[in-house]
Amino acid sequence: VYLKPLLLDRGFPANEVALIAGVGGGALGAAASLAAGFVPRSRVPNILPLSAGANVAALALLAVATAHASDPWLLTATALLAIAMGVASSLAFALMMEFARDSWRAADYGLQASLFTLGRIAVAPLAGLLLDRFGYPGMLAALAVAALLVALLISTRRRCGISLTDGVPP
């Protein structure tokens with residue numbers, strides 16, 4: 001959410017921030033999303049915990065890089081975050097389609113996409129509060145902890161043998 005301001009605050013010129021986060025991050029995220037799109041539908045439940053773990057690792061690495069590392073490490077962490085987000089976006093779309101009922105596919109997808117977007121919007125002000133209180137490393141660490149909780153929830157569901165589609169009407 002606050003990656004571009006982070007780079008600006010670290011002294012990167014605005015045109016470099018646009019290239020790094022906008023063009024570079026967008027291209028990496030799109031490529032990762034495209035690659036994840038080739039995951040067979042049956043393998044999505046197995047890839048999901050790995051994707052969640054990658055998000056945790058990328059956020060944690062970015063928090064550490066922000067607090068202690070040089071700019072090359074910060075850029076590497078930024079690239080890894082873009083890749084992790086690209087994969088997660090593709091998997092989220094796959095899951096939305098998995099949970100959409102055949103006769104209500106558009107309506108179900110629209111509702112799920114709206115809830116997903118609402119969740120992303122809700123994170124921005126919360127992240128802003130964390131940023132104001134704890135700085136970039138604290139905000140990123142808190143986001144990593146939240147991502148870890150999601151990863152643990154996914155892993156617990158998988159370990160308990162709960163299918164992604166349990167409770168979804170045919």
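Would you confirm whether or not the stretch 32-42 contains a residue that is in a helix (DSSP H, G or I), crowded, with 16+ Cβ neighbours inside 10 Å, modelled with pLDDT under 90 and of a type outside the set (Ser, Thr, Tyr)? Working first, answer last.
Residues of the stretch 32-42 that are in a helix (DSSP H, G or I), as a first pass: 32-36, 41-42.
Within this subset, residues satisfying the condition of being crowded, with 16+ Cβ neighbours inside 10 Å are 32-33, 36.
Of the ones still in play, those that are also modelled with pLDDT under 90 are none.
Looking through the stretch 32-42, none of the residues is in a helix (DSSP H, G or I), crowded, with 16+ Cβ neighbours inside 10 Å, modelled with pLDDT under 90 and of a type outside the set (Ser, Thr, Tyr).
From the residues in the stretch 96-127 that are open to solvent by 30 Å² or more (accessible area, probe 1.4 Å) and closer than 20 Å to ILE47 by Cα, which one is nearest to the chain's Cα centre (by Cα)? Taking the candidates together, the pick is PHE116.
Pairs are defined by a Cβ separation below 8 Å, a sequence spacing of at least 6 or placement on different chains, a first member in the stretch 42-67 that is at negative phi and of a type in the set (A, V, I, L, M, F, W, C), and a second member that is outside any helix (DSSP H, G or I) and surrounded by fewer than 18 Cβ atoms within 10 Å (Cβ to Cβ); the pairs so defined are VAL44/LEU164; ILE47/VAL39; LEU48/LEU164.
The values are calculated or read from the model by the stated rules, or taken from the named source; none is laboratory data. Computed from a predicted structure; not experimentally measured. Cβ atoms come from the backbone with ideal geometry, glycine included; neighbour counts cover every protein chain shown. For the accessible areas, the whole protein counts, side chains as well, though only heavy atoms, and no ligand, DNA or RNA atoms are used. Shrake-Rupley method; radii C 1.70, N 1.55, O 1.52, S 1.80 Å.
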